[in-house]
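Please read the structure below before turning to the comments.
The values are calculated or read from the model by the stated rules, or taken from the named source; none is laboratory data. Fair warning: this is a prediction, and the values are worked out from it, not measured in the lab. A quick note on method: Cβ atoms are made from the backbone with ideal geometry, for glycine too, and the neighbour counts reach across all protein chains shown.
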Amino acid sequence: MSFSQKVTVVTGASSGIGRRTALDLAAEGASVCAVARREDRLRELLGELRGPGEHTIFVADVADRARVAGLARHVEETYGRCDVLVNNAGMSRGRVFSGEESVADVEAVMATNFFGTVYCTAALLPLLERSAPAHVVNVASVAGRLSFGTSSAYCASKFATVGWSEGIRFDLEASGVYVSLVEPGPIPTEGFSQKALVDHPVLKHVLGTEGDVSRAIRDAIEGRKMERVVPRWYYLLQIPRILVPPLYRRAARRFSSARAGS
């Protein structure tokens with residue numbers, strides 16, 4: 001798919017991966033509707049979007065179904081079509097699960113990371129089907145394949161996103177709407193807390209970047225690929241979990257303990 005004259009909606013566009021993706025899609029000729037909660041950041045982004053497309057912003061919390069319905073109306077009234085939806089909006093609350101007081105964390109993270117993805121896809125699906133061939137990219141995480149302590153809510157939301165995405169790919173294929181998963185590992189963005197990894201003389205060279213994820217998103221769309229992991233070598237981390245589960249769980253336990261103590 002060439003992005004020239006395509007209408008693309010990018011959620012979570014006020015920073016990080018979403019912002020980079022919006023800029024790159026616009027530079028390749030797409031019209032970009034950038035969606036996020038922070039209006040000031042969106043207006044800054046709007047001033048930086050280049051290319052021949054018609055660019056707009058829409059302020060919305062994707063966990064708010066009424067606002068998502070408003071987004072769909074905005075896209076239809078402004079563009080009359082939708083060729084690409086990038087469900088990137090997400091949040092994380094890295095805490096040890098401790099019973100009743102942790103339930104609100106799980107609900108909040110699931111509401112944004114999983115149900116926000118469902119709401120946006122459902123609301124924009126009529127436009128996507130009308131514009132077919134069209135594409136939905138759900139930005140999940142390697143945490144949707146490998147789960148660790150202190151991140152149970154985040155991991156649950158990404159596991160749900162992975163499973164749902166793999167299922168709806170079959171549901172929507174006949175209508176010409178293709179679904180892809182992009183699963184980044186630790187990416188230094190605005191909310192990235194592992195500064196030690198960024199400063200490490202070796203590890204900093206194996207972390208992915210926002211640009212890497214944006215390229216993977218565009219590659220998944222152009223090649224109609226089901227899955228892209230960023231960086232690619234993170235695929236290897238799934239091998240112990242599949243082939244030697246006890247070894248994987250031992251390593252995950254040590255990693256979780258280290259994170260809880262940091």
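Among the candidates PHE97, PHE115, which residue alone is outside any helix (DSSP H, G or I), in contact (Cβ under 8 Å) with a residue 40 or more places away in the chain and farther than 18 Å from ILE17 by Cβ?
PHE97
Specify which of the listed residues (SER193, SER151) is buried (at least 18 other Cβ atoms within 10 Å of the Cβ), modelled with pLDDT under 95 and among the small types (Gly, Ala, Ser).
SER151
Of the residues SER98, SER31, SER92, SER102, only one is among the small types (Gly, Ala, Ser) and in contact with an Asp or Glu (Cβ under 7 Å, 6 or more places away or on another chain); which?
Only one candidate qualifies: SER31.
Restricting attention to segment 180-188, does a residue exist that is touching a residue at least 60 places away in the same chain (Cβ under 8 Å), farther than 30 Å from GLN5 by Cα and over 14 Å from the mean Cα position of the chain (by Cα)?
No, the conditions are met nowhere in segment 180-188.
Could you grab the pairs with beta carbons closer than 9 Å, sequence gap of 6+ or different chains, first residue in segment 229-257 and in a helix (DSSP H, G or I), second one surrounded by fewer than 11 Cβ atoms within 10 Å (Cβ to Cβ)?
Listed by first residue and then by second, the contacts come to TYR248/ILE239; TYR248/ILE242.
How many residues, within segment 88-132, are crowded, with 16+ Cβ neighbours inside 10 Å, among the hydroxyl-bearing types (Ser, Thr, Tyr) and at pLDDT below 95?
So the answer is 1.
Among the listed residues ARG81, ARG50, ARG43, ARG37, which satisfies the condition of being surrounded by 13 or more Cβ atoms within 10 Å (Cβ to Cβ) and closer than 23 Å to HIS135 by Cβ?
Only one candidate qualifies: ARG81.
Quick test for you: out of LEU23, LEU85, LEU45, pick the one residue that is touching a helix residue (DSSP H, G or I) at 6+ places or on another chain (Cβ under 9 Å), at pLDDT 95 or above and part of a strand (DSSP E or B).
The conditions single out LEU85.
Working only within segment 2-17, note down all residues that are under 11 Å from the mean Cα position of the chain (by Cα) and surrounded by fewer than 24 Cβ atoms within 10 Å (Cβ to Cβ).
The one that is under 11 Å from the mean Cα position of the chain (by Cα) and surrounded by fewer than 24 Cβ atoms within 10 Å (Cβ to Cβ): GLY16.
In this structure, does HIS135 turn out to be under 22 Å from GLU28 (Cβ atoms) and surrounded by fewer than 22 Cβ atoms within 10 Å (Cβ to Cβ)?
no
Going residue by residue through segment 51-67, is there one that turns out to be part of a helix (DSSP H, G or I), in contact (Cβ under 8 Å) with a residue 40 or more places away in the chain and more than 24 Å from GLU222 (Cα to Cα)?
Among the residues of segment 51-67, at least one is part of a helix (DSSP H, G or I), in contact (Cβ under 8 Å) with a residue 40 or more places away in the chain and more than 24 Å from GLU222 (Cα to Cα), which makes the answer yes.
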